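FYI, it's all coordinate maths here, none of it is from the lab. Owing to the predicted nature of the structure, the values given are computational and were not obtained by experimental measurement. No Cβ is skipped: glycine too gets one built from the backbone with ideal geometry, and neighbour counts run over all protein chains shown.
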């Protein structure tokens, strides 16, 4: 048996546990709002700068769905097409979209019209989401 002993006492543990539980309850909702904001920004940039436009229907079909929270899992879906999703996918994957110069063809935008702004946004998305979470939950600072 060791001759030297020491004792550690803590105080405020219940308060810490209470704060952690509250953060756990607030975090999914705060994350949902931050992810939705990111998706809206990506969609806005996609519509403004990338979607091929002939008559505007494809651009108008772009939307961000409200976040889904299932336990600790948060998802936000964004996309184009509604009932014309197969058409939107075809144009998204067509390298000449917006570039053919044919009469009646789109004259602006191009392919990968959602992928490109997403890929660009993801570079520092974690920092923006973290900043949003700090705003939503100041107790995490």
Q: Among residues belonging to segment 25-50 that are without any contact (Cβ under 8 Å) to a residue 40 or more places away in the chain and within 24 Å of residue 72 (Cβ to Cβ), point out the one that is surrounded by the fewest Cβ atoms within 10 Å (Cβ to Cβ).
A: 25
**Q.** Residue that is farthest from the chain's Cα centre (by Cα), among those in segment 51-73 that are surrounded by 12 or more Cβ atoms within 10 Å (Cβ to Cβ) and within 30 Å of residue 23 (Cβ to Cβ)
**A.** 69
